[in-house]
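Structure first, commentary second.
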Amino acid sequence: MALLAAFAGWLAELDYTVPEQDLTISLRRIPALPRSRVVVTDVRQPARRGSQ
């Protein structure tokens, strides 16, 4: 549980961009996913505090 909590905290600090995308969902497909899925770009880790 501690490892999962640490990983979730690290993920929450990431900087990223979510470009415009087609989020319509076809209910003919299982699992029902957005047409363009979920696209995340420019994922980067923020600069650490105190590191210069």
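The values are calculated or read from the model by the stated rules, or taken from the named source; none is laboratory data. The structure presented is a predicted model; accordingly, all values stated were derived computationally and were not measured. Virtual Cβ from ideal backbone geometry, glycine too; neighbours counted across all protein chains shown. Heavy atoms of the whole protein, side chains included, go into the accessibility calculation; ligands, DNA and RNA do not. Shrake-Rupley method; radii C 1.70, N 1.55, O 1.52, S 1.80 Å.
Looking only at residues of the range 11-20 that are assigned to a loop (DSSP other than H, G, I, E, B) and either more than 19 Å from R37 (Cα to Cα) or touching a Phe, Trp or Tyr at 6+ places or on another chain (Cβ under 8 Å) (or both), we find that the one that is most open to solvent (accessible area, probe 1.4 Å) is E13.
Conditions tested, residue by residue: (1) exposed (fewer than 10 other Cβ atoms within 10 Å of the Cβ); (2) assigned to a strand (DSSP E or B); (3) among the acidic types (D, E).
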| residue | (1), (2), (3) |
| --- | --- |
| G9 | yes, no, no |
| D22 | no, no, yes |
| R28 | yes, no, no |
| S36 | no, no, no |
| P46 | yes, no, no |
